[in-house]
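Undergrad: Attaching a single structure in structure tokens format; questions to follow.
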Amino acid sequence: MTTAPWRDPALPASARVDDLLSRMTLQEKTAQLYGVWVGAATDGDGVAPLQREMTAEYDWDELITHGLGQLTRSFGTAPVDPVLGAQALARAQRRIADAGRFGIPAVAHEECLAGFTTWRATAYPVPLAWGASFDAPLVEEMARRIGEDLRSVGVHQGLAPVLDVVRDPRWGRVEETIGEDPYLTGTIGAAYVRGLESAGVIATLKHFAGYASSVGARNLAPVRAGVREFADVTLPPFEMALREGGARSVMAAYTETDGVPASADPGLLTELLRDQWGFTGTVVADYFGIGFLQSLHRVAGTDAEAAHAALRAGIDVELPSLKCYGTPLLDAVRAGEIPEELVDLAARRVLLQKCELGLLDEGWDPEPAERIDLDSTANRALARRLAEESVVLLDNPDGLLPLAPDTRIAVVGPRAADALAMLGCYSFPSHVLTHHPDVPMGIDIPSVLEALRTELPDAKVTFAEGCGVSDPDPAGFEEAVARASEADVCLAVLGDRAGLFGRGTSGEGCDVSDLRLPGVQGGLLDALVATGVPVVLVLLTGRPYALGRWHGRLGAVVQAFFPGEEGGPAVAGVLSGRVNPSGRLPVSVPRAPGGQPWTYLQPPLGLAGEVSNLDPTPLYAFGHGRSYTRFAWESDAADTEIGTDGSYEMSVTVRNTGDRAGAEVVQLYLHDPVASVTRPDVRLIGYQRLELDPGEARQVTFRFHADLSAFTDRSHERVVEPGLLELRLGTSSAEIRHTARLTLTGPPRTLGPDRRLVCETVVS
């Protein structure tokens, strides 16, 4: 075999894989189409719903004699020392290679949503915080570091980023998303992909597609999005991450849209993804998703029928472990019930990817390093910077913040002294370590209380928890009120506890019926405000919560979306003034708990009006955020005409007129007054973050192309229509500073997959 053409790195990958496939038996080809999850539990508190039913029994030694497609979460299943884990993975890979005829190892994959999800690895801010930073280059740098850490232990594929666009913030997985806008999600997501792929790790886009549009904001519920909503809101981030980022894998969503499960939809996974968009990588199943075609969706009667439906749709790899793509698929192909050509097509894509990774070459087996640091000083510095950029100052009407260095501070609330308050549900300590209470955290995570005492050593800081995160008991209110009454200012540190499947207030399977603060935290905040002591509300959450009840009654409001291991010092830095807040909202903050279970991307009929007593106007709009300095804007925006294939440059000069350095986020929105179908009143089409010293000015030029005004029309074509447009420069979707009116002239244009996706910006 060592002299066979498929081993020759000088040959094209396609020729090598064709030669290899010609030598493989049917069973060896099907073995490349599934993963195995060694050590996964089938009972106990840590098991996902339906995991027991979806996990087939197998003989490991017998299984690997035919080869193996993937190894599932060698590091992310239980606490493992990085060096010992890398050594164990290398041994497993050698065992797999030695057992099969061809000596091909498996692709090892791991979760990496907010950093490498393993013990002692850096816990970065969650994706919602990436969105709040409006800093794509910084997210790209973070992803590159995550990728380098993954490769250092032998991992080839990362299951991130999540590109679902928030449609209802009651959904539990909002924390995993980048926000409620497809342009922000797509540009930040593409940056993450570029970073991960630059380290040689396969980025996996998820969840394709529609997962966040589930009915009633319930996890894994049906999706009833219209064709145009799907095309113009759901799909663009995936298209951006493929074209602008270069992602090599896509994960099929659990959900069904208009009765068709994504995992059994060839129109989505083959006709759109491959034929129209030109994607050549692998499509993997979400965990147990192929089996769900039988058990949950009921579009298959047997495991073999589920395998047939998924293969025909375009899913190449069954994850996390074999079930449908194992013996049921093998028997059905042998019986002539499933064409072997489908197996060949999927196996070819898998092997092409292994060829790209060097896994078909001689000498693929590098020895792991003797020392591996997954939470390096450089990692922590990057985690701190991203956390600092993501903190949003929602309100500071009387300048209560920054805090005086020698003030008396009462810190109150269930999130103030808990390190886990910084982490989302896919950070290892929240995701896995809660099931191993005797294992230390593995990384240092200062709480807000600890960090504040370090940040303001001359302040007199007292603490009372007040209540639990979701506990209905208000017994702690009395002590909390007493501490607040003795202070000059009270910090109410409230928010979420991340968890899985109902074990938290935010996270996968932790959906909510409305947007009230969890438990009795709202009552605690009422009691603190009633003391008359100025209250600064600090929120550590995975979603926005309705704050209208306290609007005008709080001294300041600070929002952080699970800011990671360095989130405590980042929040404390904002409170002290060491950090000038620069985060901007990636999701709107509602006024009433049930008044806005939707996003800012509404047509006129979805806005406030006299026909309903419910006002969906957010309390704080998408893109909103305050600073401790001031910025003045000047623009050359002018009304003009361009063709429907033309372009226009719009510039704005931003000057820091305050007395301290700060960052402004310039946002460009599109308003389409009249179109052939209803359009969002405004939508983001460009942005630029500017770091400015006191007195410094910089100019941003947005190079708008008419393609960016395109939408899906009544015939389901993506078109640019002639007519009037408005380009609006603003500090948020609701705070517009300058407007240019463009008249598009010429014939309507129908766009293909080569359309322009991104508004180029130039800073001078």
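Undergrad: Of the accessible area of segment 617-764, with the probe set at 1.4 angstrom, what percent is carbon plus sulfur? Walk me through the intermediate numbers first.
TA: Details: 2630 of 6210 Å².
Carbon and sulfur atoms account for 42 percent of the accessible area of segment 617-764.
Undergrad: Could I ask something else about it? Count charges around THR653 for me, please; just the other residues with Cβ under 14 Å from its Cβ, Lys/Arg as +1, Asp/Glu as -1. Show your work: numbers first, answer last.
TA: Working: positive: ARG655, ARG698, ARG737; negative: GLU634, ASP636, GLU649, GLU664, GLU696.
For residues surrounding THR653, the net value is -2.
Undergrad: Hey, what did the chain get for relative contact order, percent, Cα under 8 Å, at least 6 apart?
TA: Numbers: 1918 pairs, mean separation 98.0, N = 764.
With pairs under 8 Å counted, the relative contact order is 13 percent.
Undergrad: Would you mind checking which residues have amide H under 5 Å from TYR620's amide H? H placed 1.01 Å from N; only 5 or more apart, or other chain.
TA: Under 5 Å from the amide H of TYR620: VAL589.
Undergrad: What is the sum of charges around ASP375, taking Lys and Arg as +1, Asp and Glu as -1, for the other residues whose C-beta is under 10 Å from the C-beta of ASP375?
TA: Numbers: positive: ARG120, ARG380; negative: ASP149, ASP373, ASP444, GLU565.
Taking every Cβ under 10 Å from that of ASP375, the sum is -2.
Undergrad: When the accessible area of segment 167-262 is computed with all protein chains present and a 1.4 Å probe, what percentage of it is carbon and sulfur? Working shown, then result.
TA: Numbers: 1040 of 2190 Å².
The nonpolar share, carbon plus sulfur, comes to 47 percent.
Undergrad: Sticking with this one: Given the C-alpha centroids of segment 337-390 and segment 733-762, what is the distance between them in whole angstrom?
TA: 37
Undergrad: Label ARG660 and ASP398 with points 7 Å out from Cα along Cα→Cβ: what is the distance between them in nm?
TA: 1.9
Undergrad: May I ask for the distance between the Cα centers of segment 132-207 and segment 594-632, given as a whole number of Å?
TA: Each part's Cα centre sits 26 Å from the other's.
Undergrad: Once each part is reduced to its C-alpha centroid, what is the distance from segment 454-479 to segment 413-437 in angstrom?
TA: 18
Undergrad: Give me the percent relative contact order of segment 93-132, please, defined on Cα pairs under 8 angstrom at least 6 residues apart.
TA: Details: 27 pairs, mean separation 8.9, N = 40.
Over segment 93-132, the number comes to 22 percent.
Undergrad: What order do you get for 122-135, 6-19, 301-314, 710-723 when each peptide is scored by the mean count of other beta carbon atoms within 10 Å, highest first? Numbers along the way, then the final one.
TA: Numbers: 122-135: 30.2, 6-19: 15.0, 301-314: 22.9, 710-723: 16.6.
Going by the mean number of other Cβ atoms within 10 Å, highest first, we get 122-135, 301-314, 710-723, 6-19.
Undergrad: For segment 72-88, what does the Karplus curve 6.51 cos²θ - 1.76 cosθ + 1.60, with θ = phi - 60°, yield as ³J(HN,Hα) per residue in whole Hz, taken in order and with x for Gly and Pro?
TA: Once θ is set to phi - 60°, the couplings for segment 72-88 become 9, 6, 4, 9, x, 9, 8, x, 9, 4, x, 5, 5, x, 5, 5, 5 Hz.
Undergrad: Here is a follow-up. Quick check: net charge around PRO604, other residues with Cβ under 12 Å of its Cβ, Lys/Arg +1 and Asp/Glu -1? Working shown, then result.
TA: Details: positive: ARG679; negative: ASP672, ASP681.
Spelling it out: positives minus negatives among the neighbours equals -1.
Undergrad: Oh, and also: On average, how much accessible surface per residue is there in the chain, in Å², for a 1.4 Å probe, leaving out ligands, DNA and RNA? List each step's numbers first, then the result.
TA: Values: 26950 Å² over 764 residues.
Per residue, the chain has 35 Å² of solvent-accessible surface.
Undergrad: Note down the nm distance, to one decimal, between modelled labels 7 Å out along Cα→Cβ at ALA4 and at ASP615.
TA: Result: 7.1 nm between the two label points.
Undergrad: Here's a follow-up. So what does CYS425 come to for accessible area, using a 1.4 Å probe and Å² rounded to 10?
TA: 0
Undergrad: Between ALA335 and ASP19, what's the calculated FRET efficiency when r is the beta-carbon distance and R0 is 25 Å? Round to 0.05. Spell out each step's value before the answer.
TA: Values: r = 28 Å, r/R0 = 1.13.
Here the calculated transfer efficiency is 0.30.
Undergrad: Right, something else. So who's got an amide H within less than 5 Å of the one on GLY179, skipping anything under 5 residues away but keeping other chains? H placed 1.01 Å off N, in plane.
TA: Distant-sequence amide H within range of GLY179: VAL166.
Undergrad: Then there is this: Using the per-residue mean of other Cβ atoms lying within 10 Å as a proxy for protection, in what order, highest first, do the peptides 552-562, 470-480, 658-668, 262-272 fall? Could you put the intermediate results ahead of the total?
TA: Working: 552-562: 23.9, 470-480: 14.8, 658-668: 19.9, 262-272: 21.8.
Result, highest mean Cβ count within 10 Å first: 552-562, 262-272, 658-668, 470-480.
Undergrad: If each residue of separation counts as 0.36 nm, what is the full-extension length gain between VAL215 and ARG578 once their alpha-carbon separation is subtracted? Spell out each step's value before the answer.
TA: Details: separation 363, 0.36 × 363 = 130.68 nm, distance 4.32 nm.
Contour length minus Cα-Cα distance gives 126.4 nm.
Undergrad: For the chain, with only Lys/Arg (+1) and Asp/Glu (-1) charged at the beta-carbon, what is the dipole magnitude about the Cα centre, in debye rounded to 20?
TA: Values: 67 positive and 102 negative charges, 118 e Å.
Dipole magnitude for the chain comes out near 560 debye.
Undergrad: Okay, next question. Mind ranking 511-517, 284-290 by how tightly packed they are, going by the mean number of other C-beta atoms within 10 angstrom, highest first?
TA: Values: 511-517: 18.3, 284-290: 26.4.
For the peptides 511-517, 284-290, the packing ranking is 284-290, 511-517.
Undergrad: Assign one of three labels to segment 590-658, namely rounded, prolate or oblate, based on the Cα gyration tensor with a ≥ b ≥ c the square roots of its eigenvalues; rounded applies when a/c is under 1.5, prolate when it is not and a/b is larger than b/c, and oblate otherwise. Let's see the in-between values first.
TA: Details: a/c = 3.36, a/b = 1.38, b/c = 2.43.
Note, shape of segment 590-658 comes out oblate.
Undergrad: Mind checking the full-extension length gain between ALA697 and THR750? Use 0.36 nm per residue of separation minus the Cα-Cα distance, one decimal, nm. Before the final figure, lay out the partial values.
TA: Values: separation 53, 0.36 × 53 = 19.08 nm, distance 4.00 nm.
Working it through step by step, the gained length comes to 15.1 nm.
Undergrad: For LEU159, what residues show an amide H to amide H distance below 5 Å, using hydrogens built from the backbone and excluding near sequence neighbours?
TA: Residues meeting the criterion, in which the H sits 1.01 Å from N, are GLU110, GLU111, CYS112.
Undergrad: Scan (1) 26.3, 82; (2) 29.2, 94; (3) 33.3, 122 for the value of Rg and Dmax of the Cα atoms in Å calculated from this model and give just the label.
TA: Computed from the coordinates, Rg and Dmax of the Cα atoms in Å corresponds to (1).
Undergrad: Also, I was wondering about something else. Residues in segment 407-436, backbone N under 12 Å from the label point at LYS460 (7 Å along the Cα-to-beta-carbon vector): list them, ranges by number please.
TA: The answer is 407-410.
Undergrad: Estimate the FRET efficiency between GLU367 and VAL38 by the formula 1/(1 + (r/R0)^6), using the beta-carbon distance for r and 22 Å for R0, to the nearest 0.05. List each step's numbers first, then the result.
TA: On the way: r = 21 Å, r/R0 = 0.96.
Given R0 = 22 Å and the Cβ-Cβ separation, E is 0.55.
Undergrad: Note the full-extension length gain between LEU26 and SER376 as 0.36 nm times their separation in residues minus their Cα-Cα distance, in nm to one decimal. Write out the running numbers ahead of the final one.
TA: Working: separation 350, 0.36 × 350 = 126.00 nm, distance 4.53 nm.
Difference between extended and current length: 121.5 nm.
Undergrad: Further, regarding this structure: Do the sum for the chain: with -39,500 (n - 2.57) for every DSSP H run of n ≥ 4, divided by all residues, what is the mean residue ellipticity at 222 nm, to the nearest 500 deg cm²/dmol? Numbers along the way, then the final one.
TA: Details: 19 runs with 186 residues, N = 764.
Dividing the helical sum by the residues of the chain leaves -7000 deg cm²/dmol.
Undergrad: Tabulate in residue order the Karplus-calculated ³J(HN,Hα) for segment 16-24, using 6.51 cos²θ - 1.76 cosθ + 1.60 with θ = phi - 60°, rounded to whole Hz; enter x for Gly and Pro.
TA: 4, 5, 4, 5, 5, 4, 5, 9, 8
The values are calculated or read from the model by the stated rules, or taken from the named source; none is laboratory data. Everything numeric in this text was worked out from a predicted model, so none of it was measured. Cβ sites come from the backbone with ideal geometry, for glycine too, and all protein chains shown count toward neighbours. Surface areas here come from the heavy atoms of the whole protein model, side chains and all, with no ligands, DNA or RNA. Shrake-Rupley method; radii C 1.70, N 1.55, O 1.52, S 1.80 Å.
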